[in-house]
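Here is the structure we will look at.
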Amino acid sequence: MQLGLISDTHGTVPNAVHEALAGVGCILHAGDVGHEDVLTELEAIAPVRAVLGNTDHGLALPETRAEEFAGHRFLLHHIVDVEFPSRTVRGLLAEEQPDFIVFGHTHMPFDETLDGVRYLNPGSPNSSRGGAPATVAIVELEAGQPEVRHIALP
């Protein structure tokens, strides 16, 4: 199974996202969706699980969600300080015991394992920062160790 990761769309889904995420079984959106139309557009690609970001107002989404795919636990939460997790994130780590944390907010791709948890930020598909390209990510959950690849968008 392949999961598509996206964050920080801020109301816009570039056309390149459709091609980059074609064939995924589910899309995890790590917040700053923008508006409901973004989720509807992404649903045309695959089912979507999303969380609120700090700029999402009026969307009926949870702040955090835990999902399981192919025996791996994923925790979605928009703002995660990897080096100094907030009390909220530390509590979620203890309670949910995820294998992966998918987050956004920085608009920069990130993939690092700390204390046995793999932290993933797909970046942003349309408003990158820090010289990073516009990106989404795919997690391959077939046999063996999960593989993650960030896809730079044109």
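Over the chain, Cα pairs under 8 Å with separation of 6+ residues give a relative contact order of 25 percent. In order along region 16-28, the Karplus-derived 3J(HN,Hα) couplings, from 6.51 cos²θ - 1.76 cosθ + 1.60 at θ = phi - 60°, round to 4, 5, 4, 6, 5, 9, 4, x, 6, x, 7, 10, 9 Hz, and Gly and Pro are given as x. Within the listed set 84, 74, 100, the Gaussian network model of the chain (springs between alpha-carbon atoms below 10 Å) gives the highest mean-square fluctuation for 84. Taking 7 Å steps out from each Cα toward its Cβ at residue 148 and residue 88 produces label points 2.0 nm apart.
Binning the C-alpha pair distances of region 1-112 at 10 Å intervals from 0 yields a P(r) profile of 14, 49, 32, 5 %, listed from the shortest bin outward. Counting beta carbons within 10 Å around each of 124, 86, 7 and listing the fewest first gives the order 86, 124, 7. The region of the chain that goes longest without hitting one of the GluC sites (Glu not before Pro) in a DSSP loop, each with at most 14 other Cβ atoms within 10 Å, is 1-82. Close amide H contacts of residue 136 (hydrogens built in the peptide plane, cut-off under 5 Å, sequence separation of 5 or more or a different chain): 151, 153.
How many percent of DSSP beta bridges within the chain run antiparallel, rounded to 5? Please report the intermediate quantities before stating the final value.
Numbers: 22 of 35 bridges.
Among the beta bridges of the chain, antiparallel pairing accounts for roughly 65 percent.
No value in this document is a laboratory result; all are computed from the given coordinates. Note that the structure is a prediction, hence the values are computed from the model and not measured. All Cβ positions, glycine included, derive from the backbone under ideal geometry; neighbour counts span all protein chains shown.
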